[in-house]
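In what follows, a structure is listed as structure tokens, so that the remarks can point back to it.
The values are calculated or read from the model by the stated rules, or taken from the named source; none is laboratory data. In this text, all values refer to a predicted model and were calculated from it rather than measured experimentally. Here the Cβ positions follow ideal geometry from the backbone for every residue, glycine too, while neighbour counts run over all protein chains shown. Side chains included, ligands, DNA and RNA excluded: accessible areas come from the protein's heavy atoms. Shrake-Rupley method; radii C 1.70, N 1.55, O 1.52, S 1.80 Å.
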Amino acid sequence: MQRLRLAEGVPEGLEVWCLALDLNAPVADDDDQLLSRAEWQRAQQFRHHADAIRAMATRAALRRLLSEYTGIAPEKLVFTQNAYGKPELENAEGPAFNVSHSGHVALIALAPGGAVGVDIERRRPEDELAPLHGLVLSPSEQRDHISGANLPFMERWVVKEAVLKTLGLGITDHLQSLSITSSSEPNTYHLEHSLPVSSPLQAWPLPAPSGYAAALGYVDTSYLDSGYSDQGYAQG
């Protein structure tokens, strides 16, 4: 597992860890032993071995990282989850966290305060993604895309997912409420939105292996509107 070097301007204390996954290998014994029975049972429901590896290896890595912050043995950490399915620590105080995995790569984001979201996706040819434009892109983004201006579709997609996971809002319900463009500042994005949050949303590109796109989102939860929780989550 490797800690990524984040862009300048990312708030101090935020961390993103990258885990390379061997999707053909059996589940590692030391990973298997860290998981709760419920986590193990959920992983067994996947039809494909690769999906089970992603779930189990990523959760085991998350447990190890959170153990370092809490001082609790990784196998003794207890998670609960809210209505959106985002896990949070039940028996310890620890950093905010979020995970995403795609292909043979998993990312784990940690934040000592506030809310954090992360997303990674495999890049796909633009023509394969055309049917998703109407679902994902805001009207202004659709105009940009037609004209060939600004960001590739996949880059916008990962930023949107990272930001919406940060806020705990339903992904499909709010994709078009958020517009992503390049910022005048390097290594960051300009976000325009009609989302129920009063503090500035922030997002940055993440270094990702060839063939992947990834992004990090963050917001200071002390500014979040009281009707919305920072604990919502969408698996990615």
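Details
- Averaged over its residues, the chain has an accessible area of 50 Å² per residue, based on protein heavy atoms and a 1.4 Å probe.
- Descending by average beta-carbon neighbour count within 10 Å, the peptides 1-8, 166-173 line up as 166-173, 1-8, the highest first.
- Carbon and sulfur %, accessible surface of the chain computed with the full protein complex present, 1.4 Å: 47 percent
- Protein-only accessible surface at a 1.4 angstrom probe places the residues ASP31, ASP22, ASP119, ASP127 in the order ASP127, ASP22, ASP31, ASP119, largest first.
- Tensor-based shape of region 129-186 (alpha-carbon gyration tensor, a/c under 1.5 rounded, otherwise prolate or oblate): oblate
- Taking all C-alpha pairs of region 1-146, those more than 18 Å from each other amount to 64 percent.
- In the chain, the DSSP-assigned H stretches of four residues or longer account for a calculated mean residue ellipticity at 222 nm of -8500 deg cm²/dmol, using -39500 (n - 2.57) per stretch and the full residue count as denominator.
- Pairs of Cα atoms nearer than 8 Å and 6+ residues apart set the relative contact order; for the chain it is 20 percent.
- Mean Cβ neighbour count within 10 Å, used as a protection proxy, ranking 131-139, 202-210 highest first: 202-210, 131-139
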